[in-house]
Amino acid sequence: MTEDEKHPVRSWPSLLARLIAILMAVVAGVVLIALLALGVIVWQVRSRHFAAQDAVRQQIAEFHSAGEPITSQDMYAFHRLPPGTPDATDAWLAVLDTFDQEQFDADVSSFELETLFKGDMPASLSDDQQPAAQKLLAKYETTLAAAEKAAATPGECRFPVEFEKAYAASNDHIAALRSLGRLQLLSARLRALNGDIEGAIDLLAQAIATSAALSRQPSDLENIIRTVILVKTFDELQWLLNATELEDVQLARLQTELDSIDLDHGLTIGLLGDRALMFEAFRTGYEPGAVSIMDGHKDAELPPAAIPCHLYLTWISKFVAASREPFPQALRSADRIESEFLAAMNDGDFLERQHYKSISQDVTLDAMGFQSQARTVAYHQLLRVAVAAERYRLKTEAYPQALSDLVPEYLPSEPIDPFDGLPVRLTSSEHELLTYSVSYNFADELGLNDVSAVQPDMPVRIRAEKGQLP
């Protein structure tokens, strides 16, 4: 008989000890493998981080070499008026001094005009709302008078911005100018309804000037609000063309106002400003005055989150380049850039996908900015055609049959549709002029504006038989 058989009880502790030892060895192995894997991940993250920091350094150097802003100090220089340009800033700041957004919102509510200012204003102005609208305008007479003076002040405006605060900087002027534009258009509508067509045209011109006050502001949001004011002004102009028979001198003035609108640079300026503001936000972690881990870098302190910062600078710089192209090339380039971004995000490993996702909303908004800009440009072109066609009708007693009928007497050349690069479409009958853009689906649907369509045509219709204004 063996020793174990003689002492069976003693074999169990020995076996248990062996099992525990084996288990501890397995656990130690697993922990070691996990630590090694973690070490590899940390090494990869740190390697990518330092590589991204080097890439950001290179990007900063490239931006500076191209004369483009990237730091907050750069933005102050970029935002300055060019030498010899008259400064209208003080006149527009004087407008803001007369206006309080919170009080304005409360006044709109007290006059029960919320639906008017939140909806399709001023097209939705009803007869019942007109007395309250008159009272609201009377309360803001000082603001409107200051805006009239600012609109007549020659030069360009530069609203002050604290660029080192990035997106924490105050932007109260944006909401104030948006509200001012709507007040001006409301006043224009009421003047037209009361038979003061000259006064209505004055207010339309002032609304265009209000939008122009934002034309050199370096953020995409400011460019968006500028286009919002313009689109609402275009809506009101289209209404006026259908509401009353304008004289040739009035139409000529409207044509001059439309020709003064510059839509060529706002998108680029906004993207350059956003790129610098986001870099500052990455650099400080959205906390003004935060200390960077790269103190002492002579050009700019580098962001702690170097990888998403590098990705953001890479992709928005592609949009900046696209914004300098003429439409429709700019629009197609923006679509291609967005598609390439989504493909790169889906093709990356887990860590790369997380970094891409952290900036995906910004890239999407940048791409959408091109679509919004194209629609504004198209609307602008269509109204240039509509006003010219009205002048043609006054002279010939018929609408033009083709765009070429308007060139060169009323238009220097045929306006181009920013969506397909062809001249905007024009058809007419004895009773109506129709001019339209093919819009974002690039398909000529003969001016169809079916709201159920994904991207219907953008039509402007002007009737020969006008409304019944006093």
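The values are calculated or read from the model by the stated rules, or taken from the named source; none is laboratory data. Here the structure is a predicted model, which means the values were calculated and not measured. Note that we place each Cβ from the backbone using ideal geometry, even for glycine, and neighbour counts take in every protein chain shown.
Worth pointing out:
- Conditions (1) touching a residue at least 60 places away in the same chain (Cβ under 8 Å); (2) surrounded by 21 or more Cβ atoms within 10 Å (Cβ to Cβ); (3) more than 30 Å from A66 (Cα to Cα); number of the one not met by A207: (1)
- Of all residues in region 176-211, exactly one satisfies the criterion of being basic (K, R) and in contact with a Lys or Arg (Cβ under 8 Å, 6 or more places away or on another chain), namely R182.
- The residues of region 71-91 that are closer than 26 Å to A147 by Cβ and part of a loop (DSSP other than H, G, I, E, B), listed by number, are H79, R80, L81, P82, G84, T85, P86, A88.
- Residue in region 94-114 that is touching a helix residue (DSSP H, G or I) at 6+ places or on another chain (Cβ under 6 Å), part of a helix (DSSP H, G or I) and closer than 28 Å to D362 by Cβ present: yes
- Identity of the residue in region 60-114, among the aliphatic types (A, V, I, L, M) and in contact with a strand residue (DSSP E or B) (Cβ under 9 Å, 6 or more places away or on another chain), that ends up modelled with the highest pLDDT: A88
- Residue in region 366-373 that is acidic (D, E) and modelled with pLDDT under 95 present: yes
- When residues of region 369-393 are limited to those that are under 19 Å from the mean Cα position of the chain (by Cα) and hydrophobic (A, V, I, L, M, F, W, C), the one nearest to F327 (Cα to Cα): A374
- For L221: the one exception among (1) in contact (Cβ under 8 Å) with a residue 60 or more places away in the chain; (2) more than 17 Å from L383 (Cβ to Cβ); (3) within 17 Å of the chain's Cα centre (by Cα): (1)
Yes/no matrix, rows are residues, columns are (1) out of contact with any Gly (no Cβ under 9 Å at 6 or more places or on another chain); (2) modelled with pLDDT under 95:
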{"residue": "E164", "(1), (2)": "no, yes"}
{"residue": "S211", "(1), (2)": "no, no"}
{"residue": "S219", "(1), (2)": "no, yes"}
{"residue": "F234", "(1), (2)": "yes, no"}
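- Counted residues, region 225-252 - those being β-branched (V, I, T) and surrounded by fewer than 20 Cβ atoms within 10 Å (Cβ to Cβ): 4
- Selection status of D405, acidic (D, E) and closer than 24 Å to Q329 by Cβ: no
- Looking across region 153-197, the residues that are among the charged types (D, E, K, R) and in a helix (DSSP H, G or I) come down to E164, K165, D172, R178, R182, R189, R191.
- Looking only at region 208-248, and only at residues there that are polar (S, T, N, Q) and not in a helix (DSSP H, G or I), the one that is farthest from N171 (Cα to Cα): T244
- Candidate set from region 414-438 (those that are among the charged types (D, E, K, R) and not in a strand (DSSP E or B)); member that is farthest from K466 (Cα to Cα): D420
- Just one of the listed residues (L406, L426, L422, L433) is among the hydrophobic types (A, V, I, L, M, F, W, C), modelled with pLDDT of 95 or more and surrounded by fewer than 18 Cβ atoms within 10 Å (Cβ to Cβ), and it is L422.
- In this structure, F117 does satisfy being surrounded by 13 or more Cβ atoms within 10 Å (Cβ to Cβ), modelled with pLDDT under 95 and of a type outside the set (A, V, I, L, M).
- Among all positions in region 137-152, there is no residue which is surrounded by 13 or more Cβ atoms within 10 Å (Cβ to Cβ), β-branched (V, I, T) and assigned to a loop (DSSP other than H, G, I, E, B).
- In region 343-370, the residues that are under 21 Å from D220 (Cβ atoms) and loosely packed, with under 13 Cβ neighbours inside 10 Å: K357, Q361
- Enumeration of residues in region 210-247 that are over 30 Å from S317 (Cα atoms) and of a type in the set (G, A, S): A243
- When A386, A398 are screened for being assigned to a helix (DSSP H, G or I) and either of a type in the set (A, V, I, L, M, F, W, C) or at pLDDT below 95 (or both), only A386 passes.
- Residues satisfying the stated conditions in region 376-413, i.e. among the aromatic types (F, W, Y) and closer than 16 Å to E465 by Cα: Y392, Y399
- Among the residues of region 172-204, those identified as among the polar types (S, T, N, Q) and surrounded by 17 or more Cβ atoms within 10 Å (Cβ to Cβ) are S179, Q184, S187.
- Check on A133, over 23 Å from R226 (Cα atoms) and either in contact with a strand residue (DSSP E or B) (Cβ under 6 Å, 6 or more places away or on another chain) or surrounded by 20 or more Cβ atoms within 10 Å (Cβ to Cβ) (or both): yes
- Meets criteria (within 25 Å of the chain's Cα centre (by Cα) and either closer than 24 Å to R158 by Cα or of a type in the set (S, T, N, Q) (or both)) for D105: no
- Residue check for Q255: within 30 Å of P82 (Cα to Cα) and part of a loop (DSSP other than H, G, I, E, B): no
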